[in-house]
Amino acid sequence: LYRKRQEINEHIFGTIKRKWGYNHTNLIGLEKVNGEHSLIMLVYNIKRSINILGVPDLIAKLKAWNSPYKRKGLFFVKTTYL
């Protein structure tokens, strides 16, 4: 199981820690650290998508993507929240 985990998960964290230099967090508190980690993972996924698809294909797929979320509902939640 450990060998399989190394093949699937560990290279992602190794890349982020050693190649990008994120071996510690800059923020304090679980919520802030989770936010920082989410941003780092988002950047990793975008860079990986660019490497696999290329920029033009990624932009075309993002433009053609049909969101499952209704805009009215999000607008309602946003206005109620504010």
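The translational diffusion coefficient of the stretch 4-68, from Stokes-Einstein at 37 °C and 0.692 mPa s with a Kirkwood hydrodynamic radius over alpha carbon pairs, comes to 237 µm²/s.
Here the label points at residue 38 and residue 11, each 7 Å from Cα along the C-beta direction, are separated by 2.7 nm in the simple model.
Between residue 45 and residue 22, how many nm apart are label points set 7 Å from Cα along the C-beta direction? According to this spin-label approximation, the distance is 1.2 nm.
Laboratory data are not the source of any read-out in this text; all were calculated from the coordinates shown. This one's a predicted model, so the numbers in the text were calculated from it and none came from an experiment. Because the Cβ atoms are built from the backbone with ideal geometry, glycine has one as well, and the counts that use them run over all protein chains shown.
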